[in-house]
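Structure first, commentary second.
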């Protein structure tokens, strides 16, 4: 056994052992209870970061603990390999995205293996593999058959220089993120999935079928689905198009949850793309120019929420359905055509956004809700204006004096009698547009024929394979220039036709990969028996940034697969853990642009609490700004390279540090000193194992545990401490509180090191037992060092390989104490301890306290006035 802990040799040997055994290959076993634990698959960006290390170590600890507890545990891994970063790398480096992606996969896989993760690599998938995305295409065609997938025209962000569609987040101040070109809004056809058909079920299952999810994630899902109950009604008009036809049949519909305020409508606003806006712009060049300006920039609610609310009169008016008075129509840059009917009623008296809009443009404000004791001020907004719980209607003719609910019912009834409206439930959720005008993604399996239009690719012709050798150059989708891809024949008529060049949104790839892990080699079906055995997933682990779209789409995709008879489950993930981010300090300086500095480039002055006072560049001596704690990032020069850390300290140190420093859900602030502390702890474990190895037949000593009655006092105390900690550690493993698990392991090592009675009966057995428990407790966090010591000390001869060794048994007898130690206080101040029999009476405890040397010393001859006893904890004598 080597004297010094050499992490490189220890980890290399352990990984070779596991590889030779093929230790992590998992097969379905109906005789064992299954557990499927999965981390969200990474994008193969090139290197792991510390967030990956933390995420996968959480998963690994759970996997190893449950395997030792008798479960059949699956921990797979794959690659979310399609997407824009690969195209950006292609633009920068002039290499095909496929080569860049697969090179990164190879490197990152090597890093994961260096971490010692218990991954079953036989189940590895890459979403850019035709064997995988074939099933994206297959299910899309099934959705098309069922009407779940459909084609319609969509408004997109178009970069006229790159000749491509941009996601909303790629539009910055109305310009393309890469080219700086002014972004245009274009209407182009695309494919959508009817997630809205599942809105009610998605919402109900959030509320009733996901008890193992964090409450904040469930709330985020609920808000995104956004169920609203209100009234949809029409403002009538006689506005006609150029052909003389009434636009919208003479009705402009809106939806509101505040029908109680309908008598406060003083204007209506329509989206820039609304037919009324289009018609008005035909005769008003200024309005046409304003509409074109509105079409620049993003189209999400989040973006519109922070934009200045701007509008322009159309010169048109519609008729109020109750008062029959004309209401001005405005174009508003904050109204989305894709939400509802693309028009809203303006009630500035009781909506904060409308209030600000009305003040800006001099639109009348009318109060139609009042609260006793509150005074309405037309000059400033007050939050109570929008209070529907306490308010009563006023200035509303026949609808005055009603509370919110009664007013909504009365207005809805009146509109229904007029044939102009009805109560309606609406959803914030919109159908999922999956068409992307990009190259590096799953080809949409559609063929365009001049005679038959958009024709599905026959199932037997799947997959439609993406050419792997394209190199995007920033001039649009390279598939449009690949005749070998484009040219095909129509499946209906056999005439020349062209393939669809749009590819699928990458959220499609990540919506079911976890099911493919269960049947990764199956080539005759999308899923099979493996999925029926492993799903639903028992524990899903990933970042909070995926709490909405990825999880929502995965839940929707699962329900579609269920309805198509592929699976029998309703929800894919039973439990969800959203791990905290890994943070580090960032330093920068702004001159012509912002420059970030690595900490080793700086002279940093800190106070006694390690807080930054100042920082200066070593290169020029000038000060730099301290930005505080922020997410690790290459762009901010505050990342920590896991590979360098593993080489210097070992994978076990990296794993131990990320688990010990903070609970899994909390953010982790990087601390080099604490990292060193984790390494020192592992050296102590190794040194104790070396010392213990000096005893003959260390593991063989455990036979003496069958007769603990003959053990000495110190041995019993050691076993009591070890098993007390084991009980807590077992509980903490069950609730995935791994920081306190590591803390428990540290307590065990302290107890073993502090043991000072090596000749006492049972000492060798207790030490061997205690260290064997410690190794098993540590093993899920630091598998390499635990494996090495387990093998070298002979524990494997008794219990087998550590990976399959049983979880340590809690000996209830060891928890029973002959004596207990109580803290002794005199007048509330700690003055020592006393030992009493475990079942000592109150009188015996009091007698022992008063007879103790500590009491005699600190009482200074004074008689006790009162003795306070806290059972099993302390005695306080008041004198």
Completion exercise
By residue number, the members of the stretch 803-839 that are surrounded by 14 or more Cβ atoms within 10 Å (Cβ to Cβ) and at positive phi are 832
Problem - Every residue from the stretch 348-402 that is free of Cβ contacts under 8 Å to residues at least 12 places away in the same chain and at positive phi - result: 362, 373, 401
Handout entry: Residue ID - nearest to the chain's Cα centre (by Cα), chosen from residues in the stretch 791-802 that are crowded, with 18+ Cβ neighbours inside 10 Å and touching a residue at least 60 places away in the same chain (Cβ under 8 Å)
Key = 795
Completion exercise
Exactly one of 234, 199, 269 is outside the structural domain of residue 395 (by TED's automatic domain parsing) and touching a residue at least 40 places away in the same chain (Cβ under 8 Å), and that one is 199
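Restricting the search to the stretch 490-505, which residues are assigned to a strand (DSSP E or B) and either buried (at least 16 other Cβ atoms within 10 Å of the Cβ) or in contact (Cβ under 8 Å) with a residue 40 or more places away in the chain (or both)? First the steps, then the outcome.
Of the stretch 490-505, the ones assigned to a strand (DSSP E or B) are 496-499, 503-504.
Hits for the stretch 490-505 are 497, 498, 499, 503, 504.
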Handout entry: Residues that are in a loop (DSSP other than H, G, I, E, B) and under 24 Å from residue 180 (Cα atoms), drawn from the stretch 471-489
Key = 471, 472, 473, 474, 475, 476, 477
Completion exercise
Those residues of the stretch 519-546 which are free of Cβ contacts under 8 Å to residues at least 40 places away in the same chain and in contact with a helix residue (DSSP H, G or I) (Cβ under 7 Å, 6 or more places away or on another chain) amount to 519, 531
Practice task
Of the numbered conditions (1) farther than 30 Å from residue 178 by Cβ; (2) part of a helix (DSSP H, G or I); (3) touching a residue at least 24 places away in the same chain (Cβ under 8 Å), residue 3 fails exactly one; give the number of that condition.
Solution key: (2)
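Residue-wise test of (1) touching a helix residue (DSSP H, G or I) at 6+ places or on another chain (Cβ under 8 Å); (2) surrounded by 16 or more Cβ atoms within 10 Å (Cβ to Cβ); (3) not in a strand (DSSP E or B).
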{"site": "571", "(1), (2), (3)": "yes, yes, yes"}
{"site": "578", "(1), (2), (3)": "yes, yes, no"}
{"site": "586", "(1), (2), (3)": "yes, yes, no"}
{"site": "589", "(1), (2), (3)": "no, yes, no"}
{"site": "592", "(1), (2), (3)": "no, no, yes"}
{"site": "603", "(1), (2), (3)": "no, no, no"}
{"site": "614", "(1), (2), (3)": "no, no, no"}
{"site": "619", "(1), (2), (3)": "yes, no, yes"}
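Residues checked against (1) at pLDDT 95 or above; (2) within 26 Å of residue 423 (Cβ to Cβ); (3) in a helix (DSSP H, G or I):
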{"residue": "229", "(1), (2), (3)": "no, yes, no"}
{"residue": "232", "(1), (2), (3)": "yes, yes, no"}
{"residue": "242", "(1), (2), (3)": "no, no, no"}
{"residue": "254", "(1), (2), (3)": "yes, yes, no"}
{"residue": "263", "(1), (2), (3)": "yes, yes, yes"}
{"residue": "277", "(1), (2), (3)": "yes, no, yes"}
{"residue": "288", "(1), (2), (3)": "yes, no, yes"}
{"residue": "292", "(1), (2), (3)": "no, no, yes"}
Handout entry: Residue count, the stretch 792-840 (criterion: at pLDDT 90 or above, within 30 Å of residue 867 (Cα to Cα) and out of contact with any helix residue (DSSP H, G or I) (no Cβ under 9 Å at 6 or more places or on another chain))
Key = 4
Practice task
Report whether or not residue 16 is surrounded by fewer than 20 Cβ atoms within 10 Å (Cβ to Cβ), assigned to a helix (DSSP H, G or I) and not assigned by TED's automatic domain parsing to the domain that holds residue 635.
Solution key: yes
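Can you say whether residue 553 is over 30 Å from residue 522 (Cα atoms) and either in a strand (DSSP E or B) or in contact with a strand residue (DSSP E or B) (Cβ under 9 Å, 6 or more places away or on another chain) (or both), as far as the supplied structure shows? Don't jump to the end; show me each part of the working.
On the way: over 30 Å from residue 522 (Cα atoms): no; either in a strand (DSSP E or B) or in contact with a strand residue (DSSP E or B) (Cβ under 9 Å, 6 or more places away or on another chain) (or both): yes.
Taking the combined requirement at face value, the residue does not satisfy it.
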Completion exercise
When residue 731 is run through (1) crowded, with 18+ Cβ neighbours inside 10 Å; (2) assigned to a helix (DSSP H, G or I), the failure sits at (1)
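Only one residue in 814, 805, 854, 788 is in contact with a strand residue (DSSP E or B) (Cβ under 7 Å, 6 or more places away or on another chain) and touching a residue at least 12 places away in the same chain (Cβ under 8 Å), so which one is that?
On the way: 814 fails: in contact with a strand residue (DSSP E or B) (Cβ under 7 Å, 6 or more places away or on another chain); 805 fails: in contact with a strand residue (DSSP E or B) (Cβ under 7 Å, 6 or more places away or on another chain); 788 fails: in contact with a strand residue (DSSP E or B) (Cβ under 7 Å, 6 or more places away or on another chain).
From the options 814, 805, 854, 788, the qualifying one is 854.
The values are calculated or read from the model by the stated rules, or taken from the named source; none is laboratory data. If you're wondering where the values come from, they're calculated on a predicted model, not measured in any experiment. So basically every Cβ, Gly included, is an ideal-geometry build from the backbone, and we count neighbours across all protein chains shown.
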